[in-house]
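The values are calculated or read from the model by the stated rules, or taken from the named source; none is laboratory data. In this text the structure is predicted, and so the values were computed from the model without any measurement. In this analysis, Cβ positions are derived from the backbone assuming ideal geometry, glycine residues included, and neighbour counts consider all displayed protein chains.
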Amino acid sequence: MKTRSLTVILIICFCLNIYSQQPVHKFQQTDLNLEDRIEDLLNRLSLDEKVKLCYGNVTDNTGERFSSGGIARLNIKQIEMLDGPVGVRNFNNQKTTALPSTLLLSCSWDINAARRYGEVIASEMLKLGKNVIFGPGMNMMRSPLGGRNFEYMGEDPFLTGFMAVNYIKGIQSVGVAACAKHYLANEIDNLRHYTSSNMDERTMREIYLLPFEMAIKEGKVWTIMTANSLFNGIHVSENKTVLQNILRDELNYDGVILTDWRAAYNTVNTAIAGTDMTTGFCAYVFGEDRLLNAVKSGEISEKLIDAKVRNILRLYIRTGVVNGDKRLSGSINTDEHKNEARKLATEGMVLLKNSGNILPINPEIVKNILVTGPGATVVPSGTGSSKVVSEISVSPLQGLKSEFKNCNINYVAYDSSKTDLLLSDARSSDVILFFALGSQSGESRDLKDIELPGNQATTINKLTDNNKKVVVITLSGSVVAMDSWSKNIGAILSCWYAGQATGEAIADVLSGKVNPGGKLSFTIAGKLNDYACHYLGLWPQKARTGNNVPVAPRAGADRKATYSYDCNYEEGVFMGYRWFEQKGIEPLFPFGFGLSYTSFSIGKSGIDIISDKSNNPKILVRAKISNTGKREGSEVIQLYIGEENSTVPRPLKELKGFQKVFLKAGETKEVAIPLDFRSFAFWSNEKSKWVANPGKYIIYAGNSSKNIAFKETVALK
Ligand code: BGC
């Protein structure tokens, strides 16, 4: 009898268990259409529950601000977010992989590298049980002083957009959401909360909006973070023109618009502008019953809340939060991730100079290596919200010691006031490796200048006076000044912030195990004033009300939206290489430039004009790239376009296509790069639309913005 009732109980439990695992509600059924599932779920929610989805947690100051919402009644967990974009910034003791900076990634000009980068991040997010990573960073490197340049992808919007799209695809392919940030035009970081980025529509469309447009249209990004700054006088989170009108109505963006940590202020304005979720220190803007009360008082409609909640539920379903058990599994700090961190780091290092082929270092010939410079024993990275704590961290000196086991490595700690010993050692060394370290970049940490701190330039010059075989390896979050020493130097390898495997990756490149193939994603000028915003006195931002500038409190519910500074983008579309070419300013190293240990030639195969209609041009540029040297390597073919007689001032050349090609010694490959309407068009402020005039356009193909292998004029009707 006892056994029988036990059996019955067991059968009931078994059935209940099976039943509980079955999707009972429509919104749980993964085979149904996404929008139907969203509607089903939305209809089950009370106003209170809906509103609770629209803000982040405010419970403590560790990781918990990085979660939001959840619907306990329906067994739907909170959505969990973490910072990127240069790896996962985790809050508990679990360390993660510190990838090279995304600035370095952009110098790879390799969309597959961007995808692999995203995949590593996504895998670690899955393992940590997290859903949204705050990256990619997609603001422009308008000035080399931008403290967060290392988190962005250089000065060209098309290159940034293309790299970001693939980074996003890498992340989202496994059900983790990427977050394109900081929308829009948040180039300057100091005082960003009170600074308005002001520009005309054409500048916005052609430069600062473009990467976000690409992230939406091609990357299908699931979340976008609004900048802390203002755009044309209104905080972005409260700016209906750039949120509702552009992102939603025009670009049909169906993901979540969430705020940066201090980006929103006024509940009703923020809600009406199109922001879906307030987070971090401004979570209270939709929290603390403020959004709820605004609906109850009739200031905003429940329909508006529903629209936000639809976007948010779309994110919950896309990231598997609704059916938590259906998520893919990930892993953390695996050998695969470590190897990727190392490989990716080598892929974006840029060889700027290599006189007399000093590099790669041949241990058969080079016996005595002198290592010095403030960067030799550190693994630098940017500070602030993107800081990743990794399990391993290999300094250049450690990397060299394990690579060049048969050489005598003489390390002399850097002290600019005591160079006597260093110089006498320099005279007896076969090669000198000087690890130059730029000023610390970071969030809210725009740089004061681009000089190498601590008299490094003087020491480099003294070393060069004593031995011609000096290699300078730069480690920095942005451009460093090279003008005073680069002419006499033997070789320069720029390594940016290269992540946990800095030392290993540098050793790989210096030894020639890896042939460098990185190309600059920005211009390196002779002096700071050569850059447009410095030349024109537009950086930093200008105070609006004299010296006594009121600033808003940084946190707390009594914060007030404050508009205290103007950052005017008066150079318009003439930023980066567009400016240098327009003004005829010779850069030290141009946009798109980078050397290799082998040599290449680029030749024209043909230009196929499929359609020459100016309102719908379709052109295929075919080029042949040959590796004419003795080593395997990679080259990047870059297509630029300029209009001959434009009706508005246009840059002489603008990047419109590129492809990275890997070639064995002696190998030749053909590439075909398509050009379409947007490759030729500019934004007409007059007509409020993209326009490609009939007329002549020059297509330039080369391996930098300056080094053009061939050009061809095409006429559009
Ligand atoms: C930064 C964001 C970051 C957020 C959360 C903000 O201060 O601007 O980039 O995602 O903090 O840490």
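Observations
- Sub-8 Å Cβ pairs linking a first residue in segment 223-239 that is among the charged types (D, E, K, R) to a second residue that is surrounded by 24 or more Cβ atoms within 10 Å (Cβ to Cβ) and not in a strand (DSSP E or B), at least 6 apart or interchain, are 238/264; 238/270; 238/275, ordered by first then second residue.
- Contact map, segment 330-345: first residue crowded, with 19+ Cβ neighbours inside 10 Å, second residue among the acidic types (Asp, Glu), Cβ cut-off under 6 Å, separation 6 or more or different chains; pairs are 332/124; 342/504.
- Within segment 84-142, if we keep just the residues that are among the charged types (D, E, K, R) and buried (at least 24 other Cβ atoms within 10 Å of the Cβ), the residue that is farthest from the ligand (Cβ to nearest atom) turns out to be 110.
- Here residue 648 fulfils each of the conditions (1) within 24 Å of residue 575 (Cα to Cα); (2) surrounded by 18 or more Cβ atoms within 10 Å (Cβ to Cβ) apart from (2).
- Candidates 216, 257 - the one that is outside any loop (DSSP other than H, G, I, E, B) and in contact (Cβ under 8 Å) with a residue 40 or more places away in the chain: 257
- Residue list for segment 224-233, filter: more than 11 Å from the ligand (Cβ to nearest atom) and not small (Gly, Ala, Ser): 224, 230, 231, 232
- Residue in segment 626-635 that is part of a loop (DSSP other than H, G, I, E, B), among the polar types (S, T, N, Q) and either touching a Leu at 6+ places or on another chain (Cβ under 6 Å) or surrounded by 15 or more Cβ atoms within 10 Å (Cβ to Cβ) (or both) present: no
- Some residue of segment 523-532 being over 30 Å from residue 463 (Cβ atoms) and modelled with pLDDT of 95 or more: yes
- Selected residue (criterion: surrounded by the most Cβ atoms within 10 Å (Cβ to Cβ)) from residues of segment 417-447 that are more than 22 Å from the chain's Cα centre (by Cα) and assigned to a loop (DSSP other than H, G, I, E, B): 429
- Residue 625 fulfils the conditions (1) under 26 Å from the mean Cα position of the chain (by Cα); (2) within 17 Å of residue 593 (Cα to Cα) except for a single criterion, (1).
- Pair list, Cβ < 7 Å and 6+ apart or interchain, from segment 106-119 residues that are over 22 Å from residue 702 (Cβ atoms) to residues that are not in a helix (DSSP H, G or I): 117/99
- Index of the failed condition, residue 268 passing every other in (1) away from the ligand (no atom under 16 Å from the Cβ); (2) in contact (Cβ under 8 Å) with a residue 40 or more places away in the chain; (3) more than 19 Å from residue 79 (Cα to Cα): (2)
- Lone unmet requirement of (1) crowded, with 24+ Cβ neighbours inside 10 Å; (2) free of Cβ contacts under 8 Å to residues at least 60 places away in the same chain for residue 72: (1)
- Test for residue 123: is it assigned to a loop (DSSP other than H, G, I, E, B) and hydroxyl-bearing (Ser, Thr, Tyr): no
- Pick from segment 533-565, criterion modelled with pLDDT of 95 or more and of a type in the set (A, V, I, L, M), ranking: nearest to residue 264 (Cα to Cα): 538
- Of the residues making up segment 280-329, those that are more than 16 Å from the ligand (Cβ to nearest atom), crowded, with 16+ Cβ neighbours inside 10 Å, among the small types (Gly, Ala, Ser) and in contact (Cβ under 8 Å) with a residue 40 or more places away in the chain are 287, 320.
- Only residues that are of a type in the set (D, E, K, R) and within 28 Å of the chain's Cα centre (by Cα) were counted in segment 466-516, giving 4.
- Options 210, 247, 251; residue that is surrounded by 21 or more Cβ atoms within 10 Å (Cβ to Cβ) and closer than 18 Å to residue 138 by Cβ: 247
- Residue list for segment 156-199, filter: within 16 Å of the ligand (Cβ to nearest atom) and of a type in the set (A, V, I, L, M): 164, 168, 171, 176, 177, 178, 180, 184, 185, 188, 191
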